[in-house]
Amino acid sequence: MNRDVIIACDFPNRETTLAFLDRFPEGRKPFVKIGMELFYGAGPDIVREIKARGHRIFLDLKLHDIPNTVRKAMAVLSALDVDMVNVHAAGAVAMMKAAVEGLTRADGTRPLLIAVTQLTSTSEDALHNELLIGPSMNETIAKYASNALEAGLDGVVCSPLEAGLVKATCGQNFLTVTPGIRFADAAADDQVRITTPARAKEIGSDYIVVGRPITAAPDPVAAYERCVKEFV
Ligand code: C5P
């Protein structure tokens, strides 16, 4: 079990991101998430720079395209030496298998590959009435997670409240990466279905993704260490 805290570096540019990472003491290298905002703004060099500083990186770009395009794009991301990447499970099994192929390096190693099942911003109502998916949200999540398992992926991104369902469906070794984390004494911001780091541990999350509770804290390093203490 490699339980760990991943900090969502939702910053607009290289300077604010590096200034944030500079606050950590020498040798303390948190696992970080780089999302679309920073990647599209700062380009792949920001990944190389943060990697060179010794951080593990979850590159959260949520690929979703035809299998051939995803295979080739994943080969490019794999060459950046990131540690975790993701796709939308809605791309279906063939696309997810192509992602695994593209990610796998000549020596057989590859970053962890995680699928987004349903975005936590998608309501049950939108699932049925806009996406025209008949089964319930939980059935859909369980099916998309088992498709990801079948395609050879390592796990899914999901709400911590869904982690138990995913583990029950796909087995204890199938990873759950869970955002929507808040300290018991803090504001929820725009997150709806939230849990504390300690509760996420009890439910069985493998990695928690934490943004504003750390990045917007008066003392981000202390907030990070509090997360680690509660969760790891
Ligand atoms: O600031 P906060 O802790 O809410 O940040 C959570 C991070 O996890 C953000 O980068 C957000 O985009 C991401 N995320 C999420 N819910 C998902 C998938 C990703 O909050 N279902």
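Residues that are closer than 30 Å to residue 153 by Cα and part of a loop (DSSP other than H, G, I, E, B) within segment 196-218 comprise 196, 204, 205, 206, 211, listed in sequence order. The condition of being modelled with pLDDT under 95 and among the polar types (S, T, N, Q) holds for only one of 121, 78, 136, that being 121.
Name the residues in segment 178-190 that are within 9 Å of the ligand (Cβ to nearest atom) and in contact (Cβ under 8 Å) with a residue 40 or more places away in the chain, would you? Scanning segment 178-190 gives 179, 180, 181.
For segment 145-164, taking the residues that are assigned to a helix (DSSP H, G or I), within 16 Å of the ligand (Cβ to nearest atom) and at pLDDT below 95, the one that is surrounded by the fewest Cβ atoms within 10 Å (Cβ to Cβ) is identified as 161. For segment 48-94, the set of residues classified as closer than 19 Å to residue 144 by Cα and among the charged types (D, E, K, R) consists of 60, 62, 65, listed by residue number. Looking across 193, 226, one residue alone is assigned to a helix (DSSP H, G or I) and of a type in the set (Lys, Arg). It is 226.
Taking segment 123-144 as the range and being assigned to a loop (DSSP other than H, G, I, E, B) and either without any contact (Cβ under 8 Å) to a residue 12 or more places away in the chain or of a type in the set (A, V, I, L, M) (or both) as the test, the residues that pass are 123, 130, 131, 132, 133, 134, 135. Please indicate, with yes or no, whether at least one residue in segment 200-223 is closer than 18 Å to residue 35 by Cβ, surrounded by fewer than 20 Cβ atoms within 10 Å (Cβ to Cβ) and among the β-branched types (Val, Ile, Thr). Taking every residue of segment 200-223 in turn, at least one turns out to be closer than 18 Å to residue 35 by Cβ, surrounded by fewer than 20 Cβ atoms within 10 Å (Cβ to Cβ) and among the β-branched types (Val, Ile, Thr). Could you tell me whether residue 221 is more than 9 Å from the ligand (Cβ to nearest atom), closer than 20 Å to residue 2 by Cβ and not in a loop (DSSP other than H, G, I, E, B)? Here the answer is no, as residue 221 does not meet what is asked. Looking only at residues of segment 104-142 that are more than 22 Å from residue 175 (Cβ to Cβ) and hydroxyl-bearing (Ser, Thr, Tyr), we find that the one that is nearest to the chain's Cα centre (by Cα) is 123.
In segment 20-36, the residues that are closer than 13 Å to residue 5 by Cα form Cβ pairs under 9 Å with partners that are of a type in the set (Asp, Glu) and crowded, with 20+ Cβ neighbours inside 10 Å, at six or more places apart or across chains, as follows: 33/60. Within segment 165-199, restricting attention to residues that are small (Gly, Ala, Ser) and at pLDDT 95 or above, the residue that is nearest to residue 138 (Cα to Cα) is 168. Residues of segment 92-125 that are surrounded by 18 or more Cβ atoms within 10 Å (Cβ to Cβ) and either within 16 Å of the ligand (Cβ to nearest atom) or aromatic (Phe, Trp, Tyr) (or both): 112, 113, 114, 115, 116, 117, 118, 120. Scanning segment 113-122 for residues that are free of Cβ contacts under 8 Å to residues at least 60 places away in the same chain and in a loop (DSSP other than H, G, I, E, B) returns 117, 118, 119, 121, 122.
The values are calculated or read from the model by the stated rules, or taken from the named source; none is laboratory data. Since we're looking at a predicted model, the values are computed, not measured. Note that each Cβ is placed from the backbone with ideal geometry, even for glycine, and that neighbours are counted across all protein chains shown.
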